[in-house]
RNA sequence: GGGCCGUUAACUCAGUCGGUAGAGUAUCUGCCUUUUAAGCAGAGAGUCGUUGGUUCGAGUCCAACACGGCCCA
């Protein structure tokens with residue numbers, strides 16, 4: 001503390017001086033009656049003559065962001081949640097004492113203003129201050145006014161500063177909120193019931209991933225943060241809800257990258273008496289309507305790529321995609337041994353329990369996924385990597401499953417649900433064997449889930465949409481960390 | 001896990017061949033009543049990520065480590 005930077009020390013001294021003068025620097029008494037954007041919307045079109053006739057006074061609260069001081073007058077910008085407005089304060093108007101006090105304020109302080117609107121010589125709508133109060137003193141100085149905060153690490157660690165000084169960051173998170181609200185409305189309009197299922201699960205299921213583990217002291221048992229809500233949502237179908245959805249966090253104990261955060265947001269939904277193709281149509285319609293809602297068009301730009309979200313989207317069977325997009329000859333794709341050999345040659349590692357299906361998926365990741373820029377549904381997944389999907393009637397080695405790719409990213413995953421308890425039990429047993437053989441991502445046996453299926457789950461289809469990636473796509477953000485307010489970081493070094 | 005890059009004042013960044021640390025913004029002082037990243041004059045502000053090494057001398061060279069970014073697995 002003794003070696004505190006000068007700037008901070010000066011401001012702490014200012015706080016002491018304020019208190020000594022009887023001014024509380026953290027009072028909670030000022031109540032603004034207006035917001036910047038509302039004033040601009042209501043009066044932004046009036047010229048100076050019209051503003052002069054306006055007798056109303058307005059009160060605003062916000063952060064002091066820019067200062068242009070003269071001897072006896074000061075221009076500044078006040079920033080509230082809705083925007084920025086220029087303010088103008090004259091010594092002649094507020095009196096010498098108040099003006100001297102105003103000059104002692106610092107950039108970043110939160111202030112309350114009361115005044116009238118006028119236009120400056122340069123025709124800028126401005127609040128002429130009649131009264132002001134210091135609402136909250138800022139001890140830490142703001143970043144540089146022109147470049148703002150650009151250090152990526154600092155932006156994530158001090159997101160509050162990032163939000164304060166980088167308007168485009170605020171806009172991303174407003175859009176994120178709007179996207180989630182849109183999805184809720186969309187699902188609600190189609191008769192889906194929003195539900196909440198456990199985040200802490202005794203048996204983590206519903207996805208292929210390593211879970212985070214925790215411990216409940218009183219129950220004296222391990223619990224896992226969920227990797228997916230799937231098995232609980234399906235239990236709700238057993239219970240009689242026919243359309244359910246959940247928007248919430250999943251947790252996966254895996255690597256961090258521009259596409260992965262350990263906790264991420266997923267919308268999962270299940271529809272009884274539907275099959276996967278119904279959900280593909282639903283998702284197409286939903287994402288296109290979402291783009292329309294945000295931008296008034298189905299065409300968006302992501303990292304330089306023009307992407308057309310207008311339905312219908314391309315549909316390709318996985319085997320077909322490997323050939324058509326991945327340039328792997330059809331005879332190799334068809335030949336189980338040849339495909340496994342190719343995968344091994346390309347550095348894919350396969351465990352004893354893994355074979356053709358896994359090889360296919362890995363080759364897909366390498367050669368197809370990055371090239372799927374325009375929205376594409378990949379279908380006909382190997383059953384081996386789809387332990388919760390219904391089998392394809394025409395080919396028991398395939399699952400009635402799809403994944404959606406846009407801009408080279410996996411955005412959604414869905415399938416017709418397996419509702420045969422015997423088949424489900426066998427698939428769990430296969431997963432358990434894989435787990436015992438060392439695959440930490442394999443599923444656990446979930447007896448209660450099988451029991452639920454034994455009561456009868458109506459035929460259904462379900463899907464999950466990665467909300468963070470969808471937000472990235474719709475905000476042209478290159479990293480998942482740009483769309484998560486507080487992304488996971490190591491403690492400061 | 002591997003490769004490359006980065007880490008210097010509160011922020012944004014320079015720093016040459018190894019020779020006592022620089023700018024702009026912000027802060028402080030003075031001038032300034034229509035500015036727009038206001039202007040002018042002056043001042044203060046540094047554990048150069050950390051630890052070790054080489055050297056008469058290290059922000060600079062070497063090594064390890066920490067944190068971050070990008071790419072790869």
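The values are calculated or read from the model by the stated rules, or taken from the named source; none is laboratory data. Every value quoted in this text rests on a predicted model; they were computed, and no experiment measured them. Backbone-built Cβ (ideal geometry, glycine too); neighbour counts: all protein chains shown.
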Which residue out of A:163, A:154, A:149 is in contact with a helix residue (DSSP H, G or I) (Cβ under 7 Å, 6 or more places away or on another chain), surrounded by fewer than 18 Cβ atoms within 10 Å (Cβ to Cβ) and free of Cβ contacts under 8 Å to residues at least 24 places away in the same chain? A:163
Looking at the range A:1-17, is at least one residue touching a strand residue (DSSP E or B) at 6+ places or on another chain (Cβ under 8 Å) and within 16 Å of RNA strand B (Cβ to nearest atom)? no
Could you please find all residues in the range A:361-375 being in contact with a helix residue (DSSP H, G or I) (Cβ under 9 Å, 6 or more places away or on another chain) and either buried (at least 21 other Cβ atoms within 10 Å of the Cβ) or within 26 Å of residue A:204 (Cα to Cα) (or both)? A:361, A:362, A:363, A:364, A:368, A:372, A:375
Select from the range A:229-257 the residues that are surrounded by 19 or more Cβ atoms within 10 Å (Cβ to Cβ) and under 22 Å from residue A:438 (Cβ atoms) and list them in ascending order. A:252
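List the helices (runs of 4 or more DSSP H) that sit entirely inside the range A:377-475 and contain at least 1 residues that are surrounded by fewer than 15 Cβ atoms within 10 Å (Cβ to Cβ).
Working: elements: A:421-436, A:447-455, A:467-475.
Where helices (runs of 4 or more DSSP H) fall fully within the range A:377-475 and carry at least 1 residues being surrounded by fewer than 15 Cβ atoms within 10 Å (Cβ to Cβ), they are A:421-436, A:447-455.
Would you point out which residue out of A:131, A:189 is free of Cβ contacts under 8 Å to residues at least 40 places away in the same chain, more than 16 Å from RNA strand B (Cβ to nearest atom) and not assigned by TED's automatic domain parsing to the domain that holds residue A:283?
On the way: A:189 fails: not assigned by TED's automatic domain parsing to the domain that holds residue A:283.
Testing whether each residue is free of Cβ contacts under 8 Å to residues at least 40 places away in the same chain, more than 16 Å from RNA strand B (Cβ to nearest atom) and not assigned by TED's automatic domain parsing to the domain that holds residue A:283 leaves just A:131.
Return yes or no: is residue A:89 crowded, with 17+ Cβ neighbours inside 10 Å, within 10 Å of RNA strand B (Cβ to nearest atom) and under 24 Å from residue A:38 (Cα atoms)? Spell out the reasoning first.
Numbers: crowded, with 17+ Cβ neighbours inside 10 Å: yes; within 10 Å of RNA strand B (Cβ to nearest atom): yes; under 24 Å from residue A:38 (Cα atoms): yes.
Yes, satisfied.
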Residue count for the range A:65-82, restricted to those that are under 19 Å from residue A:33 (Cβ atoms) and buried (at least 16 other Cβ atoms within 10 Å of the Cβ): 4
Of the residues that sit in the range A:29-61 and are within 16 Å of RNA strand B (Cβ to nearest atom) and under 24 Å from residue A:105 (Cβ atoms), which one is surrounded by the fewest Cβ atoms within 10 Å (Cβ to Cβ)? A:40
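Within the range A:134-160, which residues are under 27 Å from the mean Cα position of the chain (by Cα), near RNA strand B (Cβ under 7 Å from one of its atoms) and closer than 21 Å to residue A:110 by Cα?
Within the range A:134-160, A:142, A:143, A:148, A:149 qualify.
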Answer yes or no: is there a residue in the range A:384-406 that is over 31 Å from the mean Cα position of the chain (by Cα), more than 30 Å from residue A:349 (Cα to Cα) and in contact (Cβ under 8 Å) with a residue 12 or more places away in the chain. no
